[in-house]
Every structure is written in C-alpha cells, then in structure tokens.
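Here the structure comes first, spelled out in structure tokens, and everything after it is commentary.
The values are calculated or read from the model by the stated rules, or taken from the named source; none is laboratory data. Computed from a predicted structure; not experimentally measured. Glycine also receives a Cβ, built like all others from the backbone with ideal geometry; neighbour counts cover every protein chain displayed. To get the accessible areas, we keep the full protein, side chains included, count just its heavy atoms, and leave off ligands, DNA and RNA. Shrake-Rupley method; radii C 1.70, N 1.55, O 1.52, S 1.80 Å.
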Amino acid sequence: MQWWQILLLTFYSGFAIYDGNNTTFGTVKPTMAGFVAGLIMGDVQTGLIVGGTLNLLVLGVGNFGGSSMPDYMTGALLGTAFAVLSGKGAQFGATLAVPIGLLMIQLDVLARFCNTFLQHRAEKLVKEGKFKSASHMNLYGIIPTSISRMLPVFLALVFGSQFVQNVVNNLPMWLMNGLKTAGGILPALGIAILLRYLPLKKNFAFMLVGFFLAAFLKVPVIGAAIIGLAMALVAFGYDNGHTAVQSTGVTDGDEGDMEDE
C-alpha cells in the first residue's frame, strides 16, 4: 500500500468524524466513506458496495443524548482498503468492517470521556468571564475525537488486516457477542425512536400500508417509496381541495346554482 494512500485515508477519517459532529456535509456516511476509499484504492465499485452494505446497518440509528453508535464510517474505510488489497472482494470487506465498526464504539466512548474534561474547563472559564478562552475549548475538543479515528485507521493500514483481526480475536467472546447483539438491536431502536417523534397517530394507516408492502409483499425500498409518494400526493391534494372549499364556503352544487341565477 502506498504511503499517500495511508495518509489520505487517515486524514479523511479525522475530517469525516469532525464533519459528522459539525459541518454535516455527509462525509461520515458509510456510503460516502466507501466511495472515497474506493477512489483512493482504485476500485470505486468495491467501495460503494462495502459502504452501501454498511449504510443499511445504520438506517434509523441516531446517537441521541451523546450516546455512541457503531462507527461504520471507519469500518467502510478499512473494509474497502483491505478488500482491494486482498483481492477477496466486497463481501470480505463488509464482513471485516462490521467488527471494526463495533470495536470503534469503545474508542468513541473514550474520546467523549476525554472531552468531558474540556467541557468542565469551558464551563469554569465562562463563569470567570473568559469567553474567548472558553470558545477555544470547543476547538480543542476536535482533537480527541479525530485522533480516536485517525490513530486506529493509520495503525490498521500500516500493519495490515492481520493486525485488526488479531485485535478482534483477542477480545473476550462475551464482549464481542454483546457488541454484535447491540449492533443488531440498534437499527430497530433507532427506527422506534424516529416513530416516537413522527406524527404516527395521524398517519397510522400509511404506516400499516408500508409495513404490509415491506413485510408481506417484499416490495423493494424504492417501490415502497414510490407508492408512499403517490399516497402523499393524493392526501395532500385532497387536503388542499377540502381546505379551499371550507375557506370559500362554496361547493360544486353551489357553483351550479349560482350560475343558474
């Protein structure tokens, strides 16, 4: 692996996690990370397959309240790199990326723990009226978060996939099983949280239709989205027409009577 490839992937991991917490350009998404890694490694198709596969694992998952979630951005970077280097294809890369993403939860927790010191320091400076110095604490907080991604990516790329595999193999089985179980529960939990904040009672019928299409008819996501869009257009058009009639107080029959008069 070329040194410039290692540096580009390392710097990308640091910027992506910063972007995910601040600028939100979307570079932290596994699909985008896989695409960039594939571009750097010279195999965009493999990168998109690895990133897209991992993206399915985090649909509906959000780290509410500062909680940590599997970092499949890092998994997509390393999974794509090792898939291209080994020549074993996207399936190997996606399989390797899953434990990497789960392992990164622990480093994410460590980075957040380090940032609590900076947070308390900022609060103390605010109380002392040193607002400029307090604002610097926010900038310093980027360092632990970015290093928590850049360091493992750099070490993994330098020492190779065997290094990652050895780390994973030496972890206690109960810990890995717990992480895998949590990784399987998180998507359902994320979707449940989304449903909690959506106007579900008002649109419960639409949810039932979507569930029926996906669970029983096995309609693909795009097909279900098209049907949902059509239903939304019908409902939106009906609401507008009904509102217009209520605001004018005139119905089709009334219009005919007025014309006769």
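Numerical summary
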read-out: Sole exception among (1) charged (D, E, K, R); (2) open to solvent by less than 50 Å² (accessible area, probe 1.4 Å); (3) in contact (Cβ under 8 Å) with a residue 24 or more places away in the chain for K29, by number; value: (2)
read-out: Some residue of the range 7-22 being assigned to a loop (DSSP other than H, G, I, E, B) and at pLDDT 85 or above; value: no
read-out: Residue match in the range 120-133 (condition: at pLDDT 80 or above and either buried (at least 18 other Cβ atoms within 10 Å of the Cβ) or closer than 30 Å to Q2 by Cα (or both)); value: yes
read-out: Counted residues, the range 100-111 - those being open to solvent by 20 Å² or more (accessible area, probe 1.4 Å) and either more than 16 Å from L155 (Cα to Cα) or of a type in the set (V, I, T) (or both); value: 4
read-out: Residues of the range 196-207 that turn out to be open to solvent by 90 Å² or more (accessible area, probe 1.4 Å) and more than 17 Å from F236 (Cβ to Cβ), as a count; value: 4
read-out: Residue match in the range 51-71 (condition: part of a helix (DSSP H, G or I), surrounded by 22 or more Cβ atoms within 10 Å (Cβ to Cβ) and without any contact (Cβ under 8 Å) to a residue 40 or more places away in the chain); value: yes
read-out: Check on I147, closer than 20 Å to P30 by Cα, open to solvent by less than 40 Å² (accessible area, probe 1.4 Å) and under 21 Å from the mean Cα position of the chain (by Cα); value: no
read-out: Scan of the range 23-35 for residues that are over 15 Å from I142 (Cβ atoms) and either among the hydroxyl-bearing types (S, T, Y) or assigned to a helix (DSSP H, G or I) (or both), ordered by number; value: P30, T31, M32, A33, G34, F35
read-out: Subset of the range 206-236 [closer than 16 Å to L195 by Cβ and part of a loop (DSSP other than H, G, I, E, B)]; value: none
read-out: Residue in the range 157-175 that is at pLDDT below 75, in contact with a Pro (Cβ under 6 Å, 6 or more places away or on another chain) and surrounded by 13 or more Cβ atoms within 10 Å (Cβ to Cβ) present; value: yes
read-out: Matching residues, the range 1-26, being out of contact with any helix residue (DSSP H, G or I) (no Cβ under 9 Å at 6 or more places or on another chain) and surrounded by 22 or more Cβ atoms within 10 Å (Cβ to Cβ); value: none
